[in-house]
């Protein structure tokens, strides 16, 4: 009987582990938009799965092999600030998902916002919001 209980407990633990692995999907960065395109084309372009790269806990999609290779050579030059979370929210000391269609490049860095209202508030004092966001991000990023 003890062997049967032990085998049942082991099986349950194994199934739980497999279930957790199956539900733990890799995040898609920027909703699948090509982060290099913001810099090279001045707009977000939808990426394609065949041009992907895994970096920083996410899968990144690109519209071309060239853009993928450009990103691979220097990901931090093209990745959005605050891991793609809303820059306005980071400046206010909290996290909200960013919308890849609401964005701005400032001093060679990509910032996304949660919506147009946040974008307007951000633009009122970009320099201050960047300083505040950078400072706050070290505290809120791990959560």
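The values are calculated or read from the model by the stated rules, or taken from the named source; none is laboratory data. In this text the structure is predicted, and so the values were computed from the model without any measurement. Neighbour counts are summed over all protein chains in view; Cβ atoms, including those assigned to glycine, are modelled from backbone coordinates with ideal geometry.
Some values worked out for this structure:
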read-out: Given (1) surrounded by 14 or more Cβ atoms within 10 Å (Cβ to Cβ); (2) within 20 Å of residue 83 (Cβ to Cβ), number of the condition residue 56 does not satisfy; value: (1)
read-out: Residues of region 117-143 satisfying the condition of being in contact with a strand residue (DSSP E or B) (Cβ under 6 Å, 6 or more places away or on another chain) and either at pLDDT below 95 or surrounded by fewer than 18 Cβ atoms within 10 Å (Cβ to Cβ) (or both); value: 126
read-out: Condition met for residue 113 (under 24 Å from residue 26 (Cα atoms), in contact (Cβ under 8 Å) with a residue 24 or more places away in the chain and crowded, with 21+ Cβ neighbours inside 10 Å); value: yes
